[in-house]
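Written below as structure tokens is the structure these notes are about.
The values are calculated or read from the model by the stated rules, or taken from the named source; none is laboratory data. Predicted model only: the values in this text are computed from it and were never measured. Here the Cβ positions follow ideal geometry from the backbone for every residue, glycine too, while neighbour counts run over all protein chains shown. Note: areas computed on protein heavy atoms with side chains; ligands, DNA, RNA excluded. Shrake-Rupley method; radii C 1.70, N 1.55, O 1.52, S 1.80 Å.
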Amino acid sequence: MPDGRLNIKNRDEYSLFVPSPIEHYRTTTRIKSVRFERISQDEVYRELKKKGLNIDITNPEIYNNGKKPMDGIFSPLFGADTTQDTPVFTCDCHKTTGGAKRGHICPHCGTEVRTIEADLRIQGHIDIAPYHIMSYHGYVAFSKIFKNLEEIITTTRRITRSGKVAKSDLPTIMDLYDDYDDLYAGRIGLDKDIVFMSKIPVYSARLRPLMKTNTQVAMLEVNKLYLSITNLRGNLKSTQFMPNVNREVEIQRTLNQIQQDFNGITAICNEQINSKSGVFRRALASGRLDNSSRLVITLGTDLQPHEVDVPYQLMMTQYEEEIANYYAKIQDVSIAKAIDMVSMNAMTPAPIFVEIINQLLKSKKGIWVLVNRNPTISESGVQYSRIRRIHKDYTDMTLHLPPDVLALLAADFNYMVTDNHRSPIGSNPSKEKLSERLTSGVCSLAG
Ligand SMILES: [Zn+2]
């Protein structure tokens, strides 16, 4: 909403309506915009390694002597993956670790040994160099070139009767890598470093915690895949002791499996990001604003066009501060005590709070709120209304609307009442200030 006054064209038709003083609401912008970039995992790893911040995941054990190993997929270097875990103590380079060294300065990196917070940005890597698999972007790009890419990563070459690896029209992942610059780079148009990787990213264990009860350990699918890749990495390292022919096929088989596991991980990430329950829709594109309520609407037949009736519980939660301030004054108790009393009595009406709410609704211009029905397809979908009173029936959790506005709101179901105009908890305004605040209830709404 732009700064300043709402330009309400039919203001004169509502004599009770008095515009609020101009207020400037500062909003804290948490995310201004996002930008996506393809990144090279090998490059990320090189940068981390330069700073001594790389976490190499090589250990397929979940526990080692009752502790999660530093080089395992639940490495404490990600920070504690569940809130029950004891924190890990380490310096930046991870060479000096352990609670006993707390506060010591690491002789290698010169930083203090301290607890590390779970940091979702921390990445570990499973290093399969000198081999490579396709990155997420690489796999997507190659799938446009090879309709049978799935077949490429699931079949292995035969060994002929003479003990040689049979020729095949189907390339292997290693062939794709070796021939990339000659055969594919022109069509794909991405750097080889982006399309392939030898360092498989392992995202923070906080986002995929090991869930453990007294008797059971529950393993998320993504963790099974990470464990599988860690094991396969071990196999890959041991292939060097195999005879040549077997070795080539074994490496192919292992890379195929790593690729399939990694594809499984990216599919899980995709699902978590993009689906209906994904982070974008859950955290960015929807949800209720602070100081707003979502209510079913019903008809209040005797309401004036500018009036609504609301549940007791809505007043007690949305106007907690005002009610607590009022209560503290008339009962001569501390604000903290008053807030406790408001929240204790928020669900079942107590006579004194009903009385306070009635007072608030009566003082000066009363309490005004914005009522919005989604989808907001016309200007009449948002209305500025005065709260007339709370329902006598305290089990009624609906918003009562006057008959006159139903058509304007294309009314049937879901409404929201929002109040953005709040003061810090604990402030103790004079009576005058209090009623001034109550009358300037500029509200904004979302559905
Ligand atoms: Zn260090």
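Annotations for the structure displayed:
- For region 346-395, trypsin sites (Lys or Arg not before Pro) meeting the loop criterion (DSSP other than H, G, I, E, B) and having at most 13 other Cβ atoms within 10 Å: Lys392.
- The length gained on full extension between Ser275 and Asp393, counted as 0.36 nm times the residue separation minus their Cα-Cα distance, comes to 38.5 nm.
- The chain - percent of accessible surface contributed by carbon and sulfur, probe 1.4 Å: 51
- Spin-label model, Lys167 to His104: label points 7 Å out along the Cα-to-beta-carbon direction sit 6.2 nm apart.
- Long-range HN-HN contacts of Glu307 with modeled amide H, under 5 Å: Arg386
- In terms of accessible area, using a 1.4 Å probe and ignoring ligands and nucleic acids, His94, His306, His108 rank largest first as His108, His94, His306.
- Estimated D of region 35-132 in µm² per second, where Rh is the Kirkwood radius over Cα pairs and Stokes-Einstein applies at 10 °C, 1.306 mPa s: 109
- Each stretch of four or more DSSP H residues adds -39500 (n - 2.57); spread over every residue of the chain, this sum gives -9500 deg cm²/dmol at 222 nm.
- Across the chain, C-alpha contacts under 8 Å between residues 6 or more apart give a mean separation that, scaled by the residue count, equals a relative contact order of 14 percent.
- DSSP bridge pairs, the chain: antiparallel proportion in percent, nearest 5: 75
- Between 0 and 90°, nearest 10: helix 335-344 axis offset from the chain longest Cα axis: 80
- Against the main long axis of the alpha-carbon atoms of the chain, helix 41-50 sits at an angle near 90°.
- Note on region 235-343: Cα-only Rg and Dmax are 30.7, 91 Å.
- Given a 1.4 Å probe and the protein chains as shown, Thr111 ends up with an accessible area of around 30 Å².
- Along the axis of the charge dipole computed for region 17-173 (Cβ charges of +1 for Lys and Arg, -1 for Asp and Glu, origin at the Cα centre), the listed residues Thr115, Pro76, Phe142 are led at the positive end by Phe142.
- With respect to the chain, whose longest principal axis is taken over its alpha-carbon atoms, helix 320-331 is tilted by about 50°.
- Shown are Leu77, Leu207, whose ranking by accessible area with a 1.4 Å probe and every protein chain present, most to least, is Leu207, Leu77.
- Rh by Kirkwood over Cα pairs, then Stokes-Einstein D for the chain at 1.002 mPa s and 20 °C, µm²/s: 78
- Alpha-carbon gyration tensor eigenvalues x 5, square-rooted, for region 294-366, Å: 25, 14, 9
- Å² per residue, accessible surface of the chain at 1.4 Å: 57
- For the listed residue pairs Lys68/Lys164; Lys329/Lys392; Lys192/Lys212; Lys32/Lys337, the alpha carbons are over 32 angstrom apart in Lys68/Lys164; Lys192/Lys212; Lys32/Lys337.
- Shape category assigned to region 137-217 from the gyration tensor of Cα positions, a/c cut at 1.5: oblate
- A simple count of charges around Tyr45, restricted to other residues whose Cβ falls under 13 Å of its Cβ and scoring Lys, Arg +1 and Asp, Glu -1, yields -1.
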